[in-house]
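As structure tokens, the structure follows; a few thoughts come after it.
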Amino acid sequence: MDTLHQDWLTRDLVDFEYKKYVLLAYMQKVKSRFIDRELYPFMSDLVFHYNNLLSLQKNKQLIYENFPKEVSKADFEQLKIHYREIVQDSELMSTLEEIVNFSLPHFKERVEEGAEIYETIAKSISIESVGIMPLYKNEGYLLLSTHTQGAVYVYHYKIMVSYQAEETYRTIRTQQLDEVSWSLSNSFEQIKRKLISSNQELPNPATYLAISPKVYPLKPTLLPIAKRLLVQHIGKAA
């Protein structure tokens with residue numbers, strides 16, 4: 001169980017002991033992954049459910065909206081009435097509130113634990129430019145490596161910028177291109193030159209090097225953190 005179902009609270013049997021079993025089994029799984037320093041997809045999953053439970057605690061209407069609604073249009077209106085009756089069922093609502101109140105401290109503990117691991121790793125990773133940098137930095141290459149290994153993971157990245165009200169949002173997409181070995185005869189600058197020769201569409205690409213002092217799981221931890229740090233680094237320079 002790597003992720004908890006979006007509708008886990010109202011899915012299947014709404015019973016305190018059953019939900020307690022489901023939740024504790026999931027939390028045990030997350031804790032074991034955190035011990036191995038595997039953060040994703042668990043962190044995003046935890047934050048989603050934690051915020052959702054906080055909202056549910058404050059707003060019973062959200063509990064109504066979170067009941068599964070996998071029905072046809074013909075049954076929808078009748079089902080809405082049924083859900084409304086469920087929400088008005090004081091015994092069921094009491095059970096749901098008991099589940100929510102039990103679950104929140106567990107989610108809070110795991111979110112804080114994951115955030116601490118994230119911050120520790122993020123602070124240790126350095127982001128630096130490789131070679132001459134162009135003015136346009138929202139597309140280019142990310143080289144990901146560690147001090148203790150010779151492997152360099154090569155990614156093409158592209159940052160999408162969107163604007164909403166007075167806020168600027170940046171999302172990043174990456175595609176792994178290669179895995180090469182770093183050496184004195186194959187420096188990061190030389191890796192960049194090879195990338196330029198293999199892709200003429202980016203004649204002077206923005207290229208960044210993310211170096212971690214320790215080895216961490218690549219896809220669950222190192223890459224997601226490096227991507228976020230790169231977005232922040234480029235955003236500050238924009």
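Candidates ILE81, ILE63: the one that is part of a helix (DSSP H, G or I), surrounded by 15 or more Cβ atoms within 10 Å (Cβ to Cβ), at pLDDT below 95 and among the aliphatic types (A, V, I, L, M) is ILE63.
Taking first residues from the range 104-119 that are without any contact (Cβ under 8 Å) to a residue 60 or more places away in the chain and over 11 Å from PHE34 (Cβ atoms) and partners that are of a type in the set (Ser, Thr, Tyr) and open to solvent by 40 Å² or more (accessible area, probe 1.4 Å), the Cβ contacts under 7 Å between residues at least 6 apart in sequence or on separate chains come to LYS108/TYR50. So for the range 190-208 (the condition being closer than 23 Å to GLU38 by Cβ and either among the aromatic types (Phe, Trp, Tyr) or surrounded by fewer than 20 Cβ atoms within 10 Å (Cβ to Cβ) (or both)), does at least one residue qualify? Scanning the range 190-208, I find no residue that is closer than 23 Å to GLU38 by Cβ and either among the aromatic types (Phe, Trp, Tyr) or surrounded by fewer than 20 Cβ atoms within 10 Å (Cβ to Cβ) (or both), so the answer is no. Could you tell me whether any residue of the range 178-189 is open to solvent by less than 40 Å² (accessible area, probe 1.4 Å), part of a loop (DSSP other than H, G, I, E, B) and closer than 23 Å to ARG37 by Cα? Taking every residue of the range 178-189 in turn, none turns out to be open to solvent by less than 40 Å² (accessible area, probe 1.4 Å), part of a loop (DSSP other than H, G, I, E, B) and closer than 23 Å to ARG37 by Cα. For the range 124-176, filtered to residues that are under 21 Å from the mean Cα position of the chain (by Cα), of a type in the set (A, V, I, L, M) and modelled with pLDDT under 95, the residue that is nearest to GLN200 (Cα to Cα) is MET160. If you go through the range 214-238 and keep only what is open to solvent by less than 50 Å² (accessible area, probe 1.4 Å) and either among the polar types (S, T, N, Q) or not in a helix (DSSP H, G or I) (or both), you end up with TYR216, PRO217, THR221. For residues in the range 11-23 being within 22 Å of PHE42 (Cβ to Cβ) and in contact (Cβ under 8 Å) with a residue 24 or more places away in the chain, which is most open to solvent (accessible area, probe 1.4 Å)? Ranking the candidates gives ARG11 first.
Hey, can you tell me all the residues within the range 197-213 that are touching a residue at least 60 places away in the same chain (Cβ under 8 Å) and either of a type in the set (S, T, N, Q) or not in a loop (DSSP other than H, G, I, E, B) (or both)? Result: ASN204, ALA206, THR207, TYR208, LEU209, ALA210, ILE211, SER212.
Look through GLU128, GLU91, GLU116 and report the one residue that is open to solvent by 50 Å² or more (accessible area, probe 1.4 Å), assigned to a helix (DSSP H, G or I) and either over 30 Å from GLU17 (Cβ atoms) or of a type in the set (A, V, I, L, M) (or both).
Criteria check complete, one pass: GLU116.
Within the range 101-113, how many residues are buried (at least 16 other Cβ atoms within 10 Å of the Cβ) and under 13 Å from ASP45 (Cα atoms)? Looking only at that region, the number is 3.
The values are calculated or read from the model by the stated rules, or taken from the named source; none is laboratory data. If you're wondering where the values come from, they're calculated on a predicted model, not measured in any experiment. As a convention, Cβ positions derive from the backbone with ideal geometry for all residues, glycine included, and neighbour counts pool all protein chains shown. In case anyone asks, the SASA skips ligands and DNA or RNA and just uses the protein heavy atoms, side chains included. Shrake-Rupley method; radii C 1.70, N 1.55, O 1.52, S 1.80 Å.
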